[in-house]
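The next block holds one structure in the form of structure tokens; read it before the comments.
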Amino acid sequence: MKDNSGFMRAALREAQKNLVVFDGGPFGACIVKGGRLISVGRNTVLKNDATCHAEINAIRAASKKLKTYNLSGCVTYSTTEPCPMCFSAIHWARIDTVVFGTTIADVGKRGFNELKISAGSMNRLGKAGIKIIPGFLRDECLCLLKEWDSLPEKQLY
């Protein structure tokens, strides 16, 4: 994979907003098409909507901007592996590739209420055919989680 670290860093910057604002957990995502950043999203679950994960927010913004639900040709960069809800939305949006840093297990260890179903398992069981690239800028994404760990105001859900 060519160096697309700038896209993951855009997702990281978006996620870092929740180290100050506390609208949700330390999760960010962005959607890229043709080498162009289309949208970014961060987790805003604590604004009273359990579906507002970073990937869902990024998909909503990209669909609005591109005026279509069909995001074929797009890549999602997520600071953490998409949960089953987000992976399903990625599938339904027809996104081609998912790139992520940390894993569901990494955030589960921190107390987040994660289903222990990996994106790879979802992809295989659902025969989705989505290309998955795990561990991308893992150390930087892990640093984000470690920053989150140190915050006394953080709220797990």
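The values are calculated or read from the model by the stated rules, or taken from the named source; none is laboratory data. Not measured: the values here are computed from a predicted model. With ideal geometry, Cβ positions are generated from the backbone for all residues, glycine too; neighbour counts draw on all protein chains shown. Surface accessibility is based on the protein's heavy atoms, side chains included, excluding ligands, DNA and RNA. Shrake-Rupley method; radii C 1.70, N 1.55, O 1.52, S 1.80 Å.
Looking at L156, L137, L142, just one residue is farther than 14 Å from H53 by Cα, open to solvent by 30 Å² or more (accessible area, probe 1.4 Å) and touching a Gly at 6+ places or on another chain (Cβ under 6 Å), and that residue is L137.
Suppose the filter is surrounded by 15 or more Cβ atoms within 10 Å (Cβ to Cβ), of a type in the set (K, R), without any contact (Cβ under 8 Å) to a residue 60 or more places away in the chain and closer than 19 Å to E153 by Cβ; does R60 pass it?
no
Suppose the filter is within 22 Å of D139 (Cβ to Cβ), open to solvent by 50 Å² or more (accessible area, probe 1.4 Å) and either touching a residue at least 40 places away in the same chain (Cβ under 8 Å) or among the charged types (D, E, K, R) (or both); does R110 pass it? Taking the combined requirement at face value, the residue satisfies it.
Among the residues of segment 32-57 satisfying the criterion of being open to solvent by 20 Å² or more (accessible area, probe 1.4 Å) and assigned to a strand (DSSP E or B), which is nearest to N113 (Cα to Cα)? Once the filter is applied, the top-ranked residue is R42. Based on this model, can you work out whether A29 counts as closer than 23 Å to P134 by Cβ and either open to solvent by 10 Å² or more (accessible area, probe 1.4 Å) or part of a helix (DSSP H, G or I) (or both)? Criteria not met by A29. So which of N18, N70 is closer than 16 Å to F112 by Cα, in contact (Cβ under 8 Å) with a residue 12 or more places away in the chain, among the polar types (S, T, N, Q) and touching a helix residue (DSSP H, G or I) at 6+ places or on another chain (Cβ under 9 Å)? N18 is the lone residue from the list that is closer than 16 Å to F112 by Cα, in contact (Cβ under 8 Å) with a residue 12 or more places away in the chain, among the polar types (S, T, N, Q) and touching a helix residue (DSSP H, G or I) at 6+ places or on another chain (Cβ under 9 Å). Every condition in (1) in contact with a helix residue (DSSP H, G or I) (Cβ under 7 Å, 6 or more places away or on another chain); (2) crowded, with 24+ Cβ neighbours inside 10 Å holds for I117 except the one numbered (2). In segment 1-12, the residue that is modelled with the lowest pLDDT out of those that are open to solvent by less than 50 Å² (accessible area, probe 1.4 Å), in contact with a strand residue (DSSP E or B) (Cβ under 8 Å, 6 or more places away or on another chain) and farther than 19 Å from A89 by Cα is N4. Only one entry in A50, A15, A62, A58 is modelled with pLDDT under 95 and among the small types (G, A, S), namely A50.
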